[in-house]
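Have a look at the structure below, then the notes.
The values are calculated or read from the model by the stated rules, or taken from the named source; none is laboratory data. Everything numeric in this text was worked out from a predicted model, so none of it was measured. Methodologically, a virtual Cβ is constructed for each residue, glycine included, from the backbone with ideal geometry; neighbour enumeration extends over all protein chains shown.
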Amino acid sequence: MGRTIAILLVLTLLSGCRERDPEEVAESFVGALEAYRDRPRTANLEYAWKLLDETSQAPFAERAKAASAALGVKVEPWTMMSYDGLVRGDRLLHVEALAVEDGRARVAVSYGWAVPKEAGGPAEEPKPRELALVQTDDGWKVELPLGAPEKPTAPAGGAEAAP
């Protein structure tokens, strides 16, 4: 976890010097969600939320507004975020740009396990997750939804599963 926070700090400091590329933004986004998973602090979610494009931020802002009205207290939009379905494994291995053109990017994020298979860890490495990013006036931003959802497999015999 300390490594993730150190990486976020360095990337934040460097971001003032030059525009970050899509890989750096994706790594910062996932790093903030990993940091939240490991130690739930809303500052991590706020940082991740700021790395989303405006269109992706809108549903969180709407949910926060509705929650604020229902509860009678101010609810921040980043508290509506969840890392479910994005962070896989228990550590980020690497981030690789798959395509960058015309202000859009696709980035593969690969995860691993701290305990390798040989030492009793999970049998398979988690599958990489694809992120889409868009270039804005404020630099690269992550777009939702976060990659295509994994499709459930049909049960044996070809019949569709009951809902």
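If you filter segment 113-133 down to residues that are aliphatic (A, V, I, L, M) and surrounded by fewer than 17 Cβ atoms within 10 Å (Cβ to Cβ), you find that the one that is nearest to the chain's Cα centre (by Cα) is Ala114.
For the residues Val107, Val73, Val87, Val95, the requirement of being modelled with pLDDT of 75 or more, touching a Leu at 6+ places or on another chain (Cβ under 6 Å) and closer than 21 Å to Trp49 by Cβ singles out Val107. Kindly provide the set of residues from segment 32-67 that are surrounded by 16 or more Cβ atoms within 10 Å (Cβ to Cβ) and assigned to a loop (DSSP other than H, G, I, E, B), ordered by number. Passing the criteria: Leu51, Asp53.
Which residues, taken from segment 123-163, are of a type outside the set (Asp, Glu), within 21 Å of Val95 (Cβ to Cβ) and either assigned to a loop (DSSP other than H, G, I, E, B) or modelled with pLDDT under 50 (or both)? Across segment 123-163, the qualifying residues are Pro126, Lys127, Pro128, Leu144, Pro145, Leu146, Gly147, Ala148, Pro149. The residue that is farthest from Val134 (Cα to Cα), counting only those in segment 68-80 that are of a type outside the set (A, V, I, L, M) and part of a helix (DSSP H, G or I), is Ser68. Just to be sure before I move on: is Ala6 part of a helix (DSSP H, G or I), over 12 Å from the mean Cα position of the chain (by Cα) and modelled with pLDDT of 95 or more in the structure I sent? Judged against the criteria, Ala6 is not a match. Look at segment 17-39: where a residue is closer than 22 Å to Arg104 by Cβ, no partner that is in a loop (DSSP other than H, G, I, E, B) and polar (S, T, N, Q) sits 6+ places away or on another chain with Cβ atoms under 8 Å. Consider Gly120 carefully, then state whether it is modelled with pLDDT of 70 or more and within 22 Å of Ala35 (Cβ to Cβ). The answer is no for Gly120. Within segment 50-62, none of the residues are in contact with a Lys or Arg (Cβ under 7 Å, 6 or more places away or on another chain) and at pLDDT below 85.
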